[in-house]
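Q: Below is a structure I'd like to ask you about.
Quick note: the coordinates plus some simple rules give every number you see, no bench work behind them. Note that the structure is a prediction, hence the values are computed from the model and not measured. No Cβ is skipped: glycine too gets one built from the backbone with ideal geometry, and neighbour counts run over all protein chains shown.
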Amino acid sequence: MKFWYKFLFLPVFILALTGCDKETSDDNQESTEVPENVNTVDGKVTQLQKHTIGNGVPVVIMCDGFLDKDITGGRYRKATTMALNTLFSIHPMTSLKEYFDVYEVTAVSDNDFFSAYSKTVFGVKISKDSNPVVVSSNITKHDDVKAVEYAKKAVGEKRINDALIIVLINDKSSAGLCSHHGNFIKSDIPKGYTEGCSVAYVTLIDTKDFKPDCNIVLLHEAIGHGFAMLADEYVSKSGKMPDAERLDKIDSQNYGFYSNISFSSDVKKSYWADLAADSRYKSNHLACYEGAACYAKGVYRPTSNSIMNSGDSFNVVGSMMIYKRCMRLAYGDSWKFNYEDFVKFDLEGTKTGSSSKRYAPSKRPAAFQCSGFMVDSY
């Protein structure tokens, strides 16, 4: 089956979380100084983090709208380091950090702004809508082919199928988008076999000090959509999902997509039925809450709120999908999911406080725009 999806998420009101700049080392220390002189070569690969468990799960971080001098002066590295720290700031990613290889690939743009006439390496175009509180925007154009081309410099042809690609946009507005494309095989865990990768685009918001103001959007787009293939859990459209779209979503679930939504109000028929019946998750109030995948009726989410809605953390269903995909990529097809192993991992992670690193926005997102679709399938 061949997929091509888009997800949009905007705008978001966010509090900056504190974080330190970090350069890669084998011991993965939390912070080091950004070097004063970074060799500015377009397409240069630097490994920001090296896995210590499994085979390494590949993530590639790049930036759009950065000039040559931004690489020389360390601004590029500051942005990618912020993204690196944000990715592993909440559960379950905090507990899975040792499984990931994270790379930076430098990309030099001709312009450091976005307009109808600007020229940036990944071709991002943004339309903006201002209001007195926040500037929201819509990413109207992007070049996934170019993003994949640059990512291959870090992970090569063989691992591009498994790669999560992140493009940080040098703009102060709030916007996010993720696209999936490639061929996938039927499985309860998404697995691509020809460039089955994801590309997440997120505006930085803070383009001066690179405080992680984009943290919620980055986690929502890159980890939620891009890595775990989760659906949105918020509502932006009244009524029911059109039949053609509903059938596409149901078919996609056969390939490991959208495991956090159900088209039945009966929790026993949902993907999270076992979790809902588990007394250890009683406090999570798992059920079938109507309203998800942007539609108000006929589609259900597992919890009242989560980071895939307007919250600041992954619910246990999202955590399970992140865990399953990480383990499969780290250990290969021989790895088999064990429910009790996951529950132990999840409960230990929350008990030790790794899930307490949740940085809430100062206000919940005021509005969202959703655009999720499949272009082709066979």
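Q: Once Rh for segment 233-313 is found with the Kirkwood sum over Cα pairs, what is the Stokes-Einstein diffusion coefficient at 10 °C and 1.306 mPa s, in µm²/s? Mind dumping the intermediate values first?
A: Numbers: Rh = 12.9 Å.
Estimated diffusion coefficient is 123 µm²/s.
Q: For R246 and D266, what does the FRET efficiency come to when R0 = 22 Å and r is the distance between their Cβ atoms, rounded to the nearest 0.05?
A: The value I calculate is 0.85.
Q: Between K153 and D206, how many nm apart are label points set 7 Å from Cα along the C-beta direction?
A: 2.8 nm
Q: Calculate the spin-label point distance for K351 paired with S187, positioning each point 7 Å from the Cα along the beta-carbon direction, and give it in nanometres.
A: 3.1 nm
Q: Size of the dipole of segment 47-205 about the Cα centre, Lys and Arg at +1 and Asp and Glu at -1 on the beta carbon, nothing else charged, in debye to 20?
A: Around 120 debye, computed over segment 47-205.
Q: What is the distance in Å between the Cα centres of segment 81-122 and segment 217-279?
A: Cα centres, segment 81-122 to segment 217-279: 26 Å.
Q: 5 Å is the cut-off here: which amide hydrogens, built 1.01 Å from N in the peptide plane, fall below it relative to N111, excluding neighbours closer than 5 in sequence?
A: K119
Q: Once you have the Cα-Cα distance between Q47 and Y117, take 0.36 nm times their residue separation minus that, and quote the gain in nm to one decimal. Present the calculation step by step, with values, prior to reporting the outcome.
A: Working: separation 70, 0.36 × 70 = 25.20 nm, distance 3.32 nm.
Gain in length upon complete extension: 21.9 nm.
Q: Looking at V121, I53, A83, which one has the Cα that reaches farthest to the positive end of the dipole of segment 52-123 (charges on Cβ: Lys, Arg +1; Asp, Glu -1)?
A: Of V121, I53, A83, it is A83.
Q: In addition: Quick one: which residues, 5+ away or cross-chain, put their amide H under 5 Å from the amide H of C197? H built at 1.01 Å from N.
A: H181
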